[in-house]
Every structure is written in structure tokens, then in C-alpha cells.
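Report on one structure; see the data block that follows.
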């Protein structure tokens with residue numbers, strides 16, 4: 001509840017500074033009321049923290065140290081289930097907390113707006129990269145960052161953005177966050193941030209908040225329709241256009257290999273992992289052991305952008321591997337001879353590029369989808385522990401075509417129209433809602 005009130009308080013505070021038209025008595029009263037509640041909650045929170053700290057010290061003295069991280073590390077599914085439930089509750093309640101002040105502000109702002117405004121809402125720098133093959137077919141779209149942390153990350157990557165809240169006529173996003181733009185007057189366009197969906201789908205109502213939700217294949221569209229989604233449409237996978245239309249050249253790959261220092265006499269293995277907070281990551285199985293095989297292979301590592309800092313820092317500081325900071329992973333996959341994953345959606349891209357895949361098995365969690373695990377079983381060499389990795393890599397290198405047919409079948413399942421024009425089709429859908437973004441010939 002504290003987080004939700006804090007969200008409302010910050011929203012109203014930012015609003016009064018960034019949208020002068022919203023500086024009205026109702027907004028000021030709501031802002032001061034939420035500040036009053038927060039002050040009281042903070043006082044109670046401090047008391048609770050002191051009490052919890054005292055209890056924690058007592059538990060430590062008797063040798064009972066069971067932290068949440070240790071529980072997670074043992075793959076207990078309860079923390080993941082709890083976080084997911086809390087996130088869904090927060091999303092729903094936040095929607096109703098901000099809906100009416102937001103909608104009122106939107107109406108006031110749009111009374112004075114001369115032209116329609118379209119924005120790209122970003123919760124991660126990756127969202128801008130995913131949009132790049134769509135943006136080239138449109139006039140420049142303004143970026144709106146989720147918060148100041150994302151805004152700073154975007155700036156470091158060379159992208160200027162404004163911070164949410166924003167009051168556009170149309171919003172584009174690669175997340176299920178339409179609730180952050182609760183005015184029914186706003187046109188909402190959603191896209192998948194990965195090919196296919198390797199995790200359990202959000203509820204249909206979150207997809208149905210969009211006017212259209214663009215997916216990578218008709219099969220994925222049928223999957224969500226069975227769950228009650230009415231807004232899905234297939235256009236292909238814009239992110240992969242660069243491979244199919246020849247935008248990534250051999251010269252670029254040679255230059256990249258030289259820049260990152262790949263040894264030409266060694267084969268290259270790419271390690272990857274999904275977000276540890278999902279409960280579906282195998283990062284614990286390899287992050288501190290990967291250096292053990294560096295004498296035999298070039299080692300690349302990439303992890304989910306939301307991965308815990310503990311793992312990121314360990315990998316960045318490991319001199320025996322090359323940690324990928326780049327959000328554009330395709331070139332690194334193309335440089336690799338073998339790719340390693342768990343349940344991450346990059347497995348889809350490994351298959352699209354016909355790379356041999358090795359995956360770590362993980363215990364079942366609330367987000368596990370049996371059909372996805374079945375797919376992973378079909379396309380990859382499965383292992384349980386890092387001690388099996390060298391044999392698996394050699395098996396993949398000696399017989400790269402072992403799962404080639406299964407990889408092709410998965411690619412057919414995940415992708416429609418592999419013609420390098422998915423970005424153009426996505427742009428055409430966007431233009432239906434924002435015709436002012438059309439690039440005109442002079």
C-alpha cells in the first residue's frame with residue numbers, strides 16, 4: 001500500500017511542476033493528503049524495521065539465518081508466487097488510484113494541444129532497441145521513461161526522454177503497462193518484447209486494455225485468443241529484421257570480434273539467463289563457475305536487464321569472460337558457435353539463427369508452461385549441472401545439426417513472414433492510429 005500511495009504522491013508532485021494546467025486545487029489537495037498518509041506510514045515503517053532488526057539479531061544468535069535470498073536460491077517457488085501476486089495487485093490498485101486524476105489532466109492538456117502526440121513508453125533501454133527497426137519507417141517518436149532510473153539509463157545510451165507521467169494521444173510499448181495510461185481516449189499499441197512467449201501469459205484483461213497488441217506469429221495469436229485476448233494481431237518480429245534483410249554485414253561481425261578480443265583459434269560459447277526474480281533462472285548454476293572452461297573457449301555472457309546486481313557484478317569483474325553490455329544481442333549470437341540458456345526467450349533467437357543450444361533444467365515454478373518446456377526439450381541439449389557443460393558443448397560442436405530440424409520447426413512456430421519487413425508492418429499498424437507519423441516524400 002505504501003508503494004501505491006508513494007506512486008500517487010510522486011505522480012501528483014511531478015504533475016504540478018511539469019503540467020502547469022494541472023496545478024489546480026483538487027490536485028494540490030490530493031498531493032498534500034497523500035504526503036500526510038506517507039509521513040504516517042513512514043513512522044510506522046521505521047518502528048516495524050526496528051522491531052524486525054531486533055528479531056533478526058536474536059535469530060542470528062541462535063543460528064537461524066533463513067533469508068529470502070537463500071530461500072530463492074534453493075528454488076522455493078513461494079517467493080516467486082508471492083511477488084507475482086503482489087505485482088498484479090499493485091498494478092490493479094495503481095490503475096484505480098491514478099485513473100481519475102490522470103484522465104482529468106489528460107482532458108485539460110488536450111484542450112490546448114494542436115496536433116496529436118505519440119510516445120514510446122520505455123521500462124528499459126532494450127525497448128528503444130526493439131523499436132529501432134520500426135522507428136526507421138516513421139517520423140521521430142518521443143520516448144517516455146518509466147522513472148528517473150530508466151531515464152538516466154536511456155541518456156547513457158544516447159537517448160533523450162521525458163519521464164512518466166505523460167499525456168499522449170497514442171502510446172506504443174513493449175510491456176503490459178497500459179494501465180499507466182488509463183484514459184480511455186488514449187490509443188494503446190502493444191508489442192511483444194521477445195519472440196513467442198516463454199513465460200505464463202498475463203491475464204487477458206491486460207492485453208485487452210490495448211487497441212491492438214502485435215505478436216510475432218499467428219500461433220502465438222491463437223494461444224492468447226484461447227485465453228480471452230481480443231486485440232492480438234501477427235506482424236512478425238521486427239527485432240530480427242536486421243538478419244533477414246542483410247543489414248548486419250560480415251564486415252561488421254569481423255570488426256566486433258576484433259574489438260571484443262575473440263581468439264580465432266577457439267570456439268565461442270554464449271551463456272545467457274532469464275531474470276532471477278522470475279524463479280525460472282539457472283544463473284546460480286554457472287555464474288561463478290564459467291571461468292573454469294575459459295582455456296578451451298571464448299566465453300560471452302549476457303543476462304536479463306533486471307538480473308540482481310550480485311550476478312551482474314560477478315560477471316563483469318570476471319577477466320576470463322566477455323560480459324555483454326550491449327542491448328543489441330543479435331551480433332553476438334551470430335558470432336557464437338554454441339548458445340547456453342535456461343528458460344529465457346533468447347532461446348527463440350538462438351533457434352532462428354540456427355545455433356546449437358544447451359539449456360539448464362530448472363524446477364517447476366508458478367510461471368512454468370508445460371508446452372514451453374516441451375519445446376525447450378526438443379531443441380536443446382539438456383543438462384542439470386555445470387559439471388556437464390563441457391561434454392554438452394563438445395557434443396554440440398561435433399554435431400551442430402543434431403537438433404536442426406527441431407530448431408527450424410520452432411522458428412516456423414514463432415515467426416511469420418521472415419522477409420525482413422516486420423518493422424514495416426508494425427509501422428503500418430501504428431500509422432492507423434497515428435497518421436501524422438507518416439514520412440512524406442519531398
>> Give me the percent relative contact order of region 246-414, please, defined on Cα pairs under 8 angstrom at least 6 residues apart.
In response: 23 percent
> Measuring from label point to label point, each 7 Å out along Cα→Cβ, what is the residue 253 to residue 136 span in nm?
Replying inline: 1.8 nm
>> Give the separation of the Cα centroids, region 208-258 to region 156-192, in Å.
In response: 19 Å
> Using alpha-carbon positions, what is the distance between the centroids of region 307-324 and region 398-422, in Å?
Replying inline: 30 Å
> Looking at the square roots a ≥ b ≥ c of the eigenvalues of the Cα gyration tensor of region 233-283, which shape do they give, rounded for a/c under 1.5, prolate if a/b is larger than b/c, or oblate?
Replying inline: oblate
> By its C-alpha gyration tensor, with a ≥ b ≥ c as the square roots of the eigenvalues, how is region 296-442 shaped: rounded for a/c under 1.5, else prolate for a/b larger than b/c, else oblate?
Replying inline: prolate
> Given the Cα-Cα distance of residue 419 and residue 436 and 0.36 nm per residue of separation, how much length would full extension add, in nm?
Replying inline: 3.5 nm
> Which stretch or stretches of region 236-276 have amide N atoms under 18 Å from the point lying 7 Å from residue 193's Cα along the Cα→Cβ direction?
Replying inline: 237-240, 272-276
> Taking Cα pairs under 8 Å and at least six residues apart, what relative contact order does region 289-352 come out at, in percent?
Replying inline: 30 percent
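Looking at the square roots a ≥ b ≥ c of the eigenvalues of the Cα gyration tensor of region 219-362, which shape do they give, rounded for a/c under 1.5, prolate if a/b is larger than b/c, or oblate?
It comes out oblate by the Cα gyration axes.
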> When the chain is fully extended, how far beyond the present Cα-Cα distance does residue 289 get from residue 328, taking 0.36 nm per residue of separation?
Replying inline: 11.5 nm
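Any read-out appearing in this document is the output of simple, stated calculations on the displayed coordinates, not a laboratory observation. Everything numeric in this text was worked out from a predicted model, so none of it was measured. Positions of Cβ are backbone-derived with ideal geometry, glycine not excepted, and every protein chain shown enters the neighbour counts.
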